[in-house]
Amino acid sequence: MATSGSSGQGGDQGPSGGQAMWGGRFSAKPAEMMQAINVSIGFDKRLAAQDLAGSRAHAAMLAAQGIVSAADEAAIQDGLSRIEAEIAEGTFPFRDEFEDIHMNVEARLRELIGPAAGRLHTARSRNDQVALDFRMWVREACDRTVGQLQALQRSLLAQAEAHAETLMPGFTHLQPAQPVTFGHHLMAYVEMFGRDAGRFADARARMNECPLGAAALAGSPFPIDRHATASALGFDRPTANSLDSVSSRDFALEALAAGAICATHLSRLAEEIVVWMTPQFGFIRLSDAFTTGSSIMPQKKNPDAAELVRAKAGRMLAAFTQLAVVMKGLPLAYSKDMQEDKVPTFEAFDVLDLSIGAMTGMIGDLSANAGRMAAAAGAGFSTATDLADWLVRTLDMPFRDAHHVTGAAVKRAEQLGCDLADLSLDEMKALDPRIGEGVYEVLTPAASAASRKSYGGTAPDQVRSQIARWKDVLK
Ligand code: ARG
């Protein structure tokens, strides 16, 4: 690190008269193209709040440790408050010439309070500063996302409760498989989004160590108190290796991985909404609030929001890939490559925010066509497994034989153009003479769903007990 002219302290700071802050050893200004590729203020201005919080904690610690005077600290804190106000009012001058958020804040501080500003960067480098700011930003993003996922889960729970008994076909291979309830289907997503929230919470717990005080890469010769700054900034502890502190971004990768997985879940639900809304399915309706029309086909009502949520998963996966590729093969410690960590991360969380918000809106908005769903639930011989199970239970048939007999029943019903439940008792007895009237009780979709009482099954009572459990979790 260059030692700058007036302050006499280590770090990037220096007088701002025309030279960059790190310009002590430089005699010429950077080429325009150099500035153009180097500048990051356009995007890292989003770290302003974190940067100010970090600087406040750092300044307080420097004063508490006797590294800067109480008077200088007071001036610094006052200047930082004024900067905070300027940012809130939208009057803060974000300037490209100062490269990034860290130097923009420091340059402005110097304009506001004079030379004391130069003492703020004592025992600190932009390397630990940016590692701190970014970590705090990602930590907040994780917390916010958990809250959004819980809101989504609540809206799914409300629909699931309303439709704990609403029958629909359960699919495998998108072919009718066995009847389930709509509530059960929606609760599958409550589970997925619960795990997603858990992944963000896990990532947060692991990232909650404070890199401030690692300085450029090797630590600081000043008697700093890293435990004090860590706790002031809400971290569990300081990071334990200064090289790792300034060069690790796996906290962001982990958050992006959680986001990418979450986006795949959102895209699956989005796809189902698209399919359910087609007139061919006709399972649900979305109101005008969550659909759009066509400029040429007046009859159209399109599920654009669902389609966009489905597509945005691509951006989430891309963000993870982008940062993983930036980090791959980077030697320790800091390299400027790492400045490229922010754009994909900010973008990913913006996309996730919109996607979860839109999905929460659509789930709250949708209305189910219970009649269509129930009719579809019984189609496609969806209770064939129930017939086979009945043969096993009632006639003590081995399941393989029961499967075969049921296959013959389906074939016969197909020939007659009717459902399994419409086969006469004579037709049934032709398959196996021991079959009696009782068989018809298991052939309705409602009976089929109600019979699946195993833990986590689709029986309405099971669905209701899972709803109750989640309501408790989300209280
Ligand atoms: N803008 C930089 C970044 O985002 C801050 C750290 C710069 N450090 C340095 N030694 N040039 O990574």
- [ ] Give me the orientation-averaged projected area of the Cα convex hull of the range 37-148, in nm², one decimal.
- [x] 7.7
- [ ] Count the lysine pairs in the range 387-475 whose Cα atoms sit under 30 Å apart, keeping only pairs 8 or more residues apart in sequence or on different chains.
- [x] 5
Task: Simple spin-label estimate for residue 280 and residue 201 in nanometres, 7 Å along Cα-Cβ - done: 4.1
TODO: Provide 389, 96, 419 ordered by accessible surface of protein heavy atoms (probe 1.4 Å), highest first.
DONE: 96, 419, 389
Task: Equivalent ellipsoid semi-axes, the range 31-87, via Cα gyration tensor eigenvalues times 5, rooted, Å - done: 28, 14, 10
TODO: Please turn the phi angles of the range 113-129 into ³J(HN,Hα) values with the Karplus equation 6.51 cos²θ - 1.76 cosθ + 1.60 (θ = phi - 60°), one per residue in order, whole Hz, x for glycine and proline.
DONE: 10, x, x, 4, 4, x, 8, 4, 8, 4, 6, 9, 10, 5, 5, 6, 5
TODO: Mind ranking 271, 86, 140 by accessible surface for me, highest first, 1.4 Å probe?
DONE: 140, 271, 86
Task: Accessible area (Å², per residue) of the range 261-302, counting only protein heavy atoms and a probe of 1.4 Å - done: 55
TODO: Please give, to one decimal in nm, the separation of the simple spin-label points placed at residue 34 and residue 473, each 7 Å out from Cα toward the Cβ.
DONE: 5.5
Task: Rg/Rg_globular for the range 199-258, with Rg_globular taken as 2.2 N^0.38 Å and Rg from C-alpha atoms - done: 1.17
Task: For the range 396-461 and the range 285-307, distance of Cα centres in Å - done: 41
Open item on the list: Using helices alone, I'd like the mean residue ellipticity at 222 nm for the chain: each DSSP H run of four-plus residues gives -39500 (n - 2.57), total over residue count, nearest 500.
Closed with: -19500 deg cm²/dmol
- [ ] For residue 308 and residue 287, compute 0.36 nm times the residue count separating them, minus their Cα-Cα distance, and round to one decimal in nm.
- [x] 5.9 nm
TODO: For 310, 124, give the ranking by accessible area with the largest first, probe 1.4 Å.
DONE: 310, 124
Open item on the list: Can you give me the % of accessible surface on the range 360-459 that is carbon or sulfur? Probe 1.4 Å, all protein chains present, nothing else counted.
Closed with: 55
TODO: Specify the inter-centroid distance of the range 233-247 and the range 82-146, based on alpha-carbon positions, in whole Å.
DONE: 19
- [ ] Go through the range 390-396 residue by residue and turn each phi into a ³J(HN,Hα) via Karplus (6.51, -1.76, 1.60, θ = phi - 60°); whole Hz please, and just put x for glycine and proline.
- [x] 5, 4, 5, 5, 8, 9, 6
TODO: Under 10 Å from the Cβ of residue 92, count the other residues' Cβ atoms, weight Lys and Arg +1, Asp and Glu -1, and hand me the total.
DONE: +1
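The values are calculated or read from the model by the stated rules, or taken from the named source; none is laboratory data. From a predicted model like this one, the values you see are computed outputs, not experimental measurements. For neighbour counting, all protein chains shown are included, and Cβ atoms are generated from backbone atoms with ideal geometry for every residue, glycine included. These accessible areas exclude ligands, DNA and RNA; they are computed on the full protein's heavy atoms, side chains included. Shrake-Rupley method; radii C 1.70, N 1.55, O 1.52, S 1.80 Å.
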